1. Taking the range 6-24 as the search range and keeping residues that are part of a loop (DSSP other than H, G, I, E, B) and more than 22 Å from ALA66 (Cα to Cα), which one is least open to solvent (accessible area, probe 1.4 Å)?
2. Would you check if ARG32 is more than 22 Å from THR81 (Cβ to Cβ) and in a helix (DSSP H, G or I)?
3. Scan (1) touching a helix residue (DSSP H, G or I) at 6+ places or on another chain (Cβ under 7 Å); (2) open to solvent by less than 50 Å² (accessible area, probe 1.4 Å) for the single condition ALA60 breaks and write down its number.
4. Using the structure shown, decide if ASP44 is open to solvent by less than 80 Å² (accessible area, probe 1.4 Å), of a type outside the set (A, V, I, L, M, F, W, C), under 13 Å from the mean Cα position of the chain (by Cα) and at pLDDT 95 or above.
5. Among (1) part of a loop (DSSP other than H, G, I, E, B); (2) surrounded by 15 or more Cβ atoms within 10 Å (Cβ to Cβ); (3) within 13 Å of the chain's Cα centre (by Cα), there is one condition VAL27 misses while meeting the rest; what is its number?
6. Applying the selection to the range 63-76, what residues are at pLDDT below 95 and open to solvent by 80 Å² or more (accessible area, probe 1.4 Å)?
7. Return the pairs, sorted by first residue and then second, in which the second residue is assigned to a loop (DSSP other than H, G, I, E, B), the first residue lies in the range 19-44 and is more than 17 Å from ARG59 (Cβ to Cβ), the beta carbons are less than 7 Å apart, and the residues are 6+ apart or on different chains.
Amino acid sequence: MRTCVGCKRRALIGELLRVVAVAGRVVVDERRRLPGRGAWLHPDPDCLAKAERRRAFPRALRAPGALDTREVREHVEHTATHHEPGTSPGSRGTKEAGRPVMSQP
């Protein structure tokens, strides 16, 4: 379980995006392998807007100054417009730990 920095609700890891600060900008860590402190966010434009409004990224990532969230915004907007209705955008095809679901023969 992790907490979204936007809405402050707890969710399974597979339902959230891990983001990290890299050279003054926030990037999505899709494989959850990038080094450094990470923050968790629902792939929802509303959660992203709340996190930006509350200045949650610099605080959660312990980064000095403002961070550019353009890449995260593009990823979230793309995910929000391309997911299947009735499913959460981050849950399709992943296990709780965020690893792809392996097909069984």
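1. By that ranking, first place goes to LEU16.
2. Answer is no for this residue.
3. Among (1) touching a helix residue (DSSP H, G or I) at 6+ places or on another chain (Cβ under 7 Å); (2) open to solvent by less than 50 Å² (accessible area, probe 1.4 Å), ALA60 violates only (1).
4. It is true that ASP44 is open to solvent by less than 80 Å² (accessible area, probe 1.4 Å), of a type outside the set (A, V, I, L, M, F, W, C), under 13 Å from the mean Cα position of the chain (by Cα) and at pLDDT 95 or above.
5. (1)
6. PRO64, ALA66
7. Close Cβ pairs satisfying both conditions: ARG32/GLY98; HIS42/CYS4; HIS42/GLY6; HIS42/CYS7; HIS42/LEU16; PRO43/PRO89; PRO43/GLY90.
The values are calculated or read from the model by the stated rules, or taken from the named source; none is laboratory data. Fair warning: this is a prediction, and the values are worked out from it, not measured in the lab. With ideal geometry, Cβ positions are generated from the backbone for all residues, glycine too; neighbour counts draw on all protein chains shown. To get the accessible areas, we keep the full protein, side chains included, count just its heavy atoms, and leave off ligands, DNA and RNA. Shrake-Rupley method; radii C 1.70, N 1.55, O 1.52, S 1.80 Å.
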